[in-house]
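The values are calculated or read from the model by the stated rules, or taken from the named source; none is laboratory data. This one's a predicted model, so the numbers in the text were calculated from it and none came from an experiment. Don't worry about glycine lacking a Cβ; one is built from the backbone with ideal geometry, like all the others, and counts go over all protein chains shown. SASA here: full protein model, heavy atoms, side chains in, ligands and nucleic acids out. Shrake-Rupley method; radii C 1.70, N 1.55, O 1.52, S 1.80 Å.
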Amino acid sequence: PGRGRGRSAEDHAHACTRDPQCYNSLPLSDQSLRLAKLVSMGLAFNELLPKHVEFIAQQRLFFVASAPLDAAMHVNVSPRSGAPTVLSSKTVAYADYAGSGAETAAHVLQNGRMTIMMCNIEEGPPNIMRLYGRATILLPGEVPAEMLGALPESVVNDPGFRCVFLLNIERVQTSCGFSLPILAFVHERITLHEFTAAKGVDGIREYVRHKNAFSIDGLPSLAQLGDGELLRPVAVDGSTFKPVAQTSGTGPLFIFSEPAKNILERVRARFHRFKIERGPGRGSSSGWGGGATASQQLTGSLPFFMGALFGMSAAVAFGAMRRTSAA
């Protein structure tokens, strides 16, 4: 389209922004001029504005970053299909599928830190948006009905629905995205839906128990929440998926799980559960609820800890008596 009489390059670029065909026909100088004002690159906000909410709703893909406190452990970035659900100007959430790992959950349970990044890689104005904040985890049975109704039905009704991540936003930051490529969307993959449907609810529960109990660095993760079976870590060779007795000299490992087998393993598993249930990833400061309180966890775990302590003391005393009688 031609420029109207008396219209400046900036005005024309502004009018073309909403029309991809028109926008792509602009000279690069006009595009840059308009976009520099449209995107307002490098701005920070305390909460989501209406234009941010509109941008989020248009997304088909977003990325979630998290990290443990130990610098020797691994930083994680995970892609997620769709868009986060905006609950308020300070809160977003997303429903999570079961997968072969649970790094994000392990990091959130340890320290609560999370960053969500979205970027436009389709036609239209480029933009990058990051949401920085503190996250909590809700298991499916803990999600309030109001929140559940706001989340995508395709996820929450799927057998693979394993939890909800709730992000309390501390900072919203935008940047230009001028160097990002323009890609064309084809269709969503349905492979994961087929996988979870074939396994069913019970099969997915066992899958999560086996593969989502620890991070690759051995941090306790999602499968250790709630009142399920007590678990112990099992190192698995990353190239064979077979348990390994010794970690030295092997390739990259995964940490899977199996039921705790003795009193020491059960005590350790109870401690892990108590620690993560009372940690930042299970807080209720958002007002949406989320998990048992620390006092509830302690009250429920205290009889087990006392029994374990009594049992170990008795075993030590019995061993000492046998050694004395043998002498």
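Numbers below:
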quantity: Qualifying residue in the stretch 112-123 (condition: modelled with pLDDT under 95, closer than 29 Å to GLU146 by Cβ and open to solvent by less than 40 Å² (accessible area, probe 1.4 Å)); calculated: no
quantity: Conditions (1) at pLDDT below 95; (2) in a helix (DSSP H, G or I); number of the one not met by SER100; calculated: (2)
quantity: Among the candidates ALA105, ALA65, ALA83, ALA72, residue that is touching a helix residue (DSSP H, G or I) at 6+ places or on another chain (Cβ under 7 Å), open to solvent by 20 Å² or more (accessible area, probe 1.4 Å) and either among the small types (Gly, Ala, Ser) or not in a strand (DSSP E or B) (or both); calculated: ALA83
quantity: Count of the stretch 88-102 residues which are within 16 Å of ASN168 (Cα to Cα) and surrounded by 19 or more Cβ atoms within 10 Å (Cβ to Cβ); calculated: 5
